[in-house]
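The values are calculated or read from the model by the stated rules, or taken from the named source; none is laboratory data. Note that the structure is a prediction, hence the values are computed from the model and not measured. Every residue, glycine as well, gets a Cβ built from its backbone with ideal geometry; the counts of neighbours run over all protein chains shown. Accessible surface is based on the protein model in full, side chains and every heavy atom, while ligands, DNA and RNA are left aside. Shrake-Rupley method; radii C 1.70, N 1.55, O 1.52, S 1.80 Å.
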Amino acid sequence: MILHIQNVIDAGTLSVIRDKLQQEVFANGLETAGWAAEKVKQNQQLRAPHPIIELLQQRLMAHPLVKAAAQPAQWVNVMVNRYDTGQHYGTHMDDALMGGIRTDLSFTLGLSAADSYQGGALVIEDSSGERSWRLEQGDVLLYPTQFLHRVEAVTEGTRFALVGWIESMLREPQQREMCFDLHQAMQAEFQQHGKTGQYDLLSKTYQNLLRRWAKR
């Protein structure tokens, strides 16, 4: 399940954050690159602890769709990436373990307006081919960390994004997708008809699947 969630962060907050990011000193992205990734990585990073990162992570952690889709147990290596003109991150695979934490899900939160830079698409490869996203500011892409992916070169302007990884209480992607679908069906039933018998059956199945599968 690859999930694109729109407007996770409001425009006013993003405007203040972008102004502050322009004033920050970013480190070379190679500081967190592995021996293979360092061959294809050209970007800059702002790493935690930092007030901007903490604010954005809190907003993500509180978002109902992010919580329902990810079922997060732990967050790891949350940072802001900056790509100036000519910078990119070639095809690579993220580490399965970061600081002893398993990476089940990756996320990218767009912090720049899509029309403020050119290029810089996030491209994910799966068995059907390639799919690409140029996220609007405030949008999140949440996806399993099992895919090869890349960030294409920025050809004009600057691309800011918050990125990080999540260890889920539901380890298997199929489990997360089924529980997310049930959660959404529960919400729709409740909003349309209230607490019906159908809602109760959906809730029973959802909670019992979480009880069976969830692990810390």
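What to note about this one:
- Taken over the range 160-216, the criterion of being assigned to a loop (DSSP other than H, G, I, E, B), within 28 Å of residue 98 (Cβ to Cβ) and not aliphatic (A, V, I, L, M) is satisfied by 171, 172, 215, 216.
- Number of the exception - residue 154 against (1) in contact (Cβ under 8 Å) with a residue 40 or more places away in the chain; (2) closer than 23 Å to residue 37 by Cβ; (3) within 12 Å of the chain's Cα centre (by Cα): (3)
- Evaluation of residue 77 against the conditions (1) open to solvent by 10 Å² or more (accessible area, probe 1.4 Å); (2) outside any strand (DSSP E or B) shows that the sole unmet condition is (2).
- Close pairs (6 angstrom Cβ cut-off, 6 or more residues apart or separate chains): within 21 Å of residue 55 (Cβ to Cβ) and open to solvent by less than 60 Å² (accessible area, probe 1.4 Å) in the range 96-116, in a strand (DSSP E or B) and of a type in the set (Phe, Trp, Tyr) anywhere: 106/143; 106/165; 111/160; 112/160
- Filter pass, residue 132 being farther than 19 Å from residue 173 by Cα and open to solvent by 50 Å² or more (accessible area, probe 1.4 Å): yes
- Which numbered condition residue 66 fails, given (1) β-branched (Val, Ile, Thr); (2) assigned to a strand (DSSP E or B); (3) within 13 Å of the chain's Cα centre (by Cα): (2)
- Taking every residue in the range 57-70 that is open to solvent by 80 Å² or more (accessible area, probe 1.4 Å) and pairing it with any residue that is not charged (D, E, K, R), at least 6 positions away or on another chain, the pairs with Cβ-Cβ distances below 7 Å are 59/8; 59/9.
- If you filter the range 172-216 down to residues that are in contact (Cβ under 8 Å) with a residue 60 or more places away in the chain and touching a helix residue (DSSP H, G or I) at 6+ places or on another chain (Cβ under 8 Å), you find that the one that is surrounded by the fewest Cβ atoms within 10 Å (Cβ to Cβ) is 184.
- Criterion: open to solvent by 20 Å² or more (accessible area, probe 1.4 Å) and more than 21 Å from residue 131 (Cα to Cα) - qualifying residue of 30, 46, 14: 30
- Applying a threshold of 6 Å to beta carbon distances and a minimum spacing of six or more residues, or different chains, the list of pairs starting in the range 71-84 at a residue that is in contact (Cβ under 8 Å) with a residue 60 or more places away in the chain and ending at one that is among the β-branched types (Val, Ile, Thr) reads 72/166; 74/101; 75/166; 76/101; 78/53; 81/163; 83/154; 84/158.
- If you go through the range 80-95 and keep only what is more than 25 Å from residue 54 (Cα to Cα) and within 17 Å of the chain's Cα centre (by Cα), you end up with 92, 93.
- Output for the range 1-35, where each listed residue is polar (S, T, N, Q) and part of a helix (DSSP H, G or I): 13, 15, 22, 23, 32
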